[in-house]
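The values are calculated or read from the model by the stated rules, or taken from the named source; none is laboratory data. The shown structure was predicted, so the numbers you read here are calculated from the model rather than taken from an experiment. Note that each Cβ is placed from the backbone with ideal geometry, even for glycine, and that neighbours are counted across all protein chains shown.
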Amino acid sequence: MGRLEEQIAELKRRRNAVILAHNYVQGEVQDVADFVGDSLELSIKAKNAGAPVIVFCGVSFMAETAKILSPASTVLHPVPSAGCPMADMAPAEAVRRYKAEHPDAVLVAYVNSTAAVKAEVDVCCTSGNAERIVAAIPADKTILFLPDQNLGANIARKLGRKLELWPGFCPTHNRIMPEAAQRVREAHPGAVMLVHPECTPAVVDVADHALSTGGMLKFVRESDARAFIIGTECGILHRMRKENPGKELIPLAPLPTCPNMKKLTLESIVDSLEFMQFEVDLAPELMDRARLPIERMLAG
Ligand code: 13P
Ligand code: SF4
C-alpha cells in the first residue's frame, strides 16, 4: 500500500466514512473505494450506505444524487469543479419553460442532470434502466427525454416510440466516430463489440450491444467469448482488465477520456477526509422534490 492509500485508510477509519466511486475514475481511486459502480448501482449503494460520511468520487450530479438519497449522511465531493457538461446543457430555467409550454408532457430525466432539474421532472432513469422506465409510460403520452439526445434516440429506436429529445449530449462519447468503430470491428471479426448508449445511434448500429458501464462489466464477466471491443470512457478498462485476466479487451481506439472524472485523485480524497470538504449542500425542499423522480425510478 502506498503512502496516500495508507493515509486514506486511516482517515476513513477516523471519520467512519465509505468511499463510492464511478467506473470512469482513475484506477488508483477505484482501488481505494469501498464500492465501484455505474450510476444506478451507486444510487442504490448511497441510499443504503447508512454511513455518517460518504466520499463520492464521481461528478457533481452523482454526489448530489447520493446526498438526496442519503440526506442524513455528510456527503463529500472531493473536487466540486468535477461537473458533467451534459448535465449543464439542460438548465433548470429552460426545463421549467418547456413544462409551462407543454403541461401534459411526461418529463424523463437521465440522472446526468442537476438536482434543480430533477426537482422539475416526473421520473429519472439511468443508462441501465432507461428503456424499462420509458416503456412503462402510457403510449398516448408525449415524453420529453433530457438531457441526452443520443440515449433518448437509442431508446426511441429500440422501443419504436417517438420521444421529444433535449439537444444535450456527452462530449466524451460524442467523440467516438462510427467510421472508427467500423474499422476496429473489421480488424477484429471474432470480437463482441459493446458501446455505451451515450454514443450516437450511428455508433450503436455498428456494435453488438449498447450497455451501461455496469452492464458492460457484467457482460464481459459472464460471456464465454474471449475478445471484446469496448466503446466508452477509458476508465472502465481498469476494472474490466482486473476482472477478466484471460480475456482480450480491445479499446475502440482512441478511447475518449472524461476530463471531469479524472479530476478525482488520491490527494483530493485525503484532503476531503482530512478537512471534511466539500460538503454537498442542497436545500431540504429542493432535495424533497428531486427525490421523488429518483425514488420512482428505483421503485419502477
Ligand atoms: P453509467 O455508468 O450509468 O453507464 O453512466 C455513464 C456516465 O456517463 C456517467 O456519467
Ligand atoms: Fe458527463 Fe459524459 Fe463525463 Fe459521463 S462521461 S460525466 S456523461 S461528460
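Details
- Qualifying position, being β-branched (Val, Ile, Thr) and within 13 Å of ligand 2 (Cβ to nearest atom), among Thr74, Thr65: Thr65
- Boolean, Ala290 is free of Cβ contacts under 8 Å to residues at least 12 places away in the same chain, over 30 Å from Glu179 (Cβ atoms) and among the hydrophobic types (A, V, I, L, M, F, W, C): no
- Some residue of segment 273-280 being in contact with a Ser or Thr (Cβ under 9 Å, 6 or more places away or on another chain) and within 16 Å of ligand 1 (Cβ to nearest atom): no
- The listed residues are Val270, Val195, Val220, and the only one of them that is away from ligand 2 (no atom under 14 Å from the Cβ), under 30 Å from Ala135 (Cβ atoms), among the aliphatic types (A, V, I, L, M) and modelled with pLDDT of 95 or more turns out to be Val220.
- The single residue among Val79, Val106, Val117, Val111 that is free of Cβ contacts under 8 Å to residues at least 60 places away in the same chain, within 16 Å of ligand 2 (Cβ to nearest atom) and out of contact with any Gly (no Cβ under 8 Å at 6 or more places or on another chain) turns out to be Val117.
- Counted as qualifying within segment 1-111 are the strands (runs of 3 or more DSSP E) with 2 or more residues that are buried (at least 22 other Cβ atoms within 10 Å of the Cβ) and aliphatic (A, V, I, L, M), namely 17-22, 53-57, 74-76, 106-110.
- A search for C-beta distances below 9 Å between a residue of segment 248-267 that is over 17 Å from Ala207 (Cβ atoms) and any residue that is of a type in the set (Val, Ile, Thr) and assigned to a helix (DSSP H, G or I), counting only pairs 6+ apart in sequence or on different chains, returns Leu264/Val29; Thr265/Val29; Leu266/Ile8; Leu266/Val29; Leu266/Val32.
- Residue that is surrounded by the most Cβ atoms within 10 Å (Cβ to Cβ), among those in segment 241-258 that are within 16 Å of ligand 2 (Cβ to nearest atom) and not in a strand (DSSP E or B): Leu252
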